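The values are calculated or read from the model by the stated rules, or taken from the named source; none is laboratory data. Quick caveat: nothing in here was measured; it's all calculated off a predicted structure. Here the Cβ is made from the backbone with ideal geometry for all residues, glycine too, and neighbour counts use every protein chain on show.
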Amino acid sequence: MHPASPFILPLASPTLIFAVVLLVILFSPLLLNRLRVPPLVGLVLAGIALGPFGFNVLSNDDSFHLFGNVGLLYVVFMSGVSIEINDLRKNRIKGGVFGFYSFVVAMTLGLLSGMYLLHFSFATSVLLASMYATHTLVAYPVVSRFCLGARRPVKIATVSSIITVTASLVILTLVSDQFSLLRSNTSWLLESAKMILFAVIVLWLYPKIAHSFFKRFEDSVLQYIFVLALVFFGAFFAQVAGLESVLGAFMVGISLNRLIPKISPLMNRLEFVGSALFVPFFLISLGMIINFRVLGSGFDAILVALVMVLVPVCSKWIVAFLTQKTFSMNRYERQMIFGLSNGQAGITLVTVMIGYAITLPDGSHLLPDSVMTGAVIMILVSGTISMLVTENAARQMLSAGRIADDSVPEEKRRERIMFTVANPHTLDHLVEFSIAIKNPRSKEDLYALRVVNDNDEAHKEQGDRLLLQAAKVASVADQWVERISRYDVNVASGILYSAKEYAITDVVIGLHQKLKSRDTLFGLMTEMLLKGVSCSLFIYKPVFHLKQTSRLIVFLPGKAELEVGFGRCFAHVSNIARKLHVEIMVYSTPETRAIVMHHKQMHHGVSLEFFLYHSVDELHPLSGNITDTDMCVFFAARPNAISYDETFDKLVENSVLSDTAHNVLVVYPEQYEKPDNTDERFSTLHQPHYKFERLHRSERWIFVQIQRVWYRLVKIIFRR
């Protein structure tokens, strides 16, 4: 064989083909980001340049068909699994109205322009109009950068994108089925039975199987393979039922949405593998079948591109104007909605690829080459408009002071979370919990603390291994952990002074195992921490993994809202619910409920359901309503705190000590810091012995005097 043969175009060596594709995936975003070209469009343009209609570097063979189809299903599945269920429920009316406007206006203008301007068939015009009706939030990173994610126009645009994507996929399936049914003799009755069976399997059986699997197997790699298997079997079942495979993948994403938290190792793997491999292959394979040369074939191809650019932009502006008048918005909000709804990406590419694959009886494609080329131009133009308009609207909203009063200044959002590393059996649970309570906007690292109270080298090595394991678990969720190893005779003082040294705002510890009858509820160490630290303290009793939680049940004592750190701690609990897509049931007094509902920044984007009580005794019979997948959260209080209630404390103790099958969390909100003149050299001497509390008043006075004399003698010795 001639030595230069591997470099003859198109490339034939599988190794070289894969290397070229990886180089394209690596460098195309780096080059095109400088030009503000969306990464999706960059990979499609790279496919056009390297494909048969470009420089013919790569041939559109079976390998690209396989990976392209896998990436196609992956894109649609991720669209379903990434849907914010809480946003959909909370903003369903306004988002539904905006989605209805978007769909009706875009479908009307698309049908008219397709049939009377471009002279396409009815089916082609419907498919083209469904592409106009959808929108992808390509400009959402701009919104996040300006901290406007909780604003009304952003929530409305997010919910409407869910509605329009679902409607477009249904239309795509109906159009595709129309041509498949014309070529088959299958009765409508049999097709309907298949569709019903498919819906039962995916929407009812899949979640039950997945929940059981996730509960039984905790390895994230096994969970990832299991989810992929469900996706492709779901796509296959959809084809058997006479539906389009993309609708099957989308429905699998919807059915698994609540079981895959947004912040979890499993979601991280799904996004990573998809973004690094499957989705780029799909985009490159799509670009390889696009022929830009059709633009030079005549005015008709140029007209198609112009119509595909102008019609969606005009329809989005009309919809934004109608939404502004319907909900009495200002012009900044209208501009924000117009910018966010202009983006076109994933579902548009899916529709183009499937429409091009449908062949008509005369051998032509349902979507011709001119539409393929016009779609790429439309995505490029609409994405640019979306980014520019959204950024301009965000700046105007900020400069005009249109931000709601519940926005939190950046310095007040600063948080530092530290979890202790002691028990290897609960390590993964504590890391998972610490990641869940963290504010997504916070750029602070997590802190893992291991306190060693002896000089045993084996214990030190075990501590280092646990710290390394904690860092590995957190890295799966893209969280960096700063490892702290500290020597102190007293574990509580080690935690206390580490919290002060690193300015920790929240400490997370596991539940103490009560070994002796004289031990207190949480153990001597925790009791000492409660007296010594002023920051928030989270005591977590894990029974199952946090991601399997179906509901949070929060118990608030009377006057809990008066505690200094109540707002921060409630916001942490809301972060858990937001990331797990679960609702919060809150048992509180009427006064506490009023404060929580007034300060919306503590729970924005979370579904709350309140149950009011007037006496703690009313809470005791509620234990029968708690299921095994619930998580009970108790907001306790330190003794002498304003919300301390001995009866409520007894309720917490009964719940923690009971042999329950659900997770339990006890939260002690932050307190005002007390002045501390303690010399760190005597930290272990300042911790009271548990027997001290049992002494009589006269005995305590004698004990204190002896202790003071002893401290003075030790200080004199050290000074000399």
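Here is how the numbers come out for the structure above:
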read-out	value
Residue 419 being within 30 Å of residue 286 (Cα to Cα) and at pLDDT 85 or above	no
Unmet criterion (only one of (1) over 20 Å from residue 210 (Cβ atoms); (2) crowded, with 21+ Cβ neighbours inside 10 Å) for residue 248	(1)
Residue within the range 175-197 that is within 30 Å of residue 267 (Cβ to Cβ) and either at pLDDT 85 or above or in contact with a Lys or Arg (Cβ under 8 Å, 6 or more places away or on another chain) (or both) present	yes
Qualifying residue in the range 638-659 (condition: farther than 29 Å from residue 529 by Cα, in contact with a Phe, Trp or Tyr (Cβ under 9 Å, 6 or more places away or on another chain) and assigned to a helix (DSSP H, G or I))	no
Scope the range 40-57; condition at pLDDT below 80 and surrounded by fewer than 20 Cβ atoms within 10 Å (Cβ to Cβ); matching residues	none
Those helices (runs of 4 or more DSSP H) lying entirely in the range 70-135 with at least 1 residues modelled with pLDDT of 85 or more and within 30 Å of residue 361 (Cβ to Cβ)	92-112, 122-133
Candidate set from the range 442-464 (those that are surrounded by 13 or more Cβ atoms within 10 Å (Cβ to Cβ) and of a type in the set (Lys, Arg)); member that is farthest from residue 572 (Cα to Cα)	460
Selection count where residues are part of a helix (DSSP H, G or I) and either at pLDDT below 90 or under 13 Å from residue 160 (Cβ atoms) (or both), scope the range 316-332	11
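Okay, residues lined up against (1) out of contact with any Gly (no Cβ under 6 Å at 6 or more places or on another chain); (2) crowded, with 16+ Cβ neighbours inside 10 Å; (3) over 30 Å from residue 219 (Cα atoms):
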site	(1), (2), (3)
474	yes, yes, no
482	yes, no, no
489	yes, no, yes
493	yes, yes, yes
504	yes, yes, yes
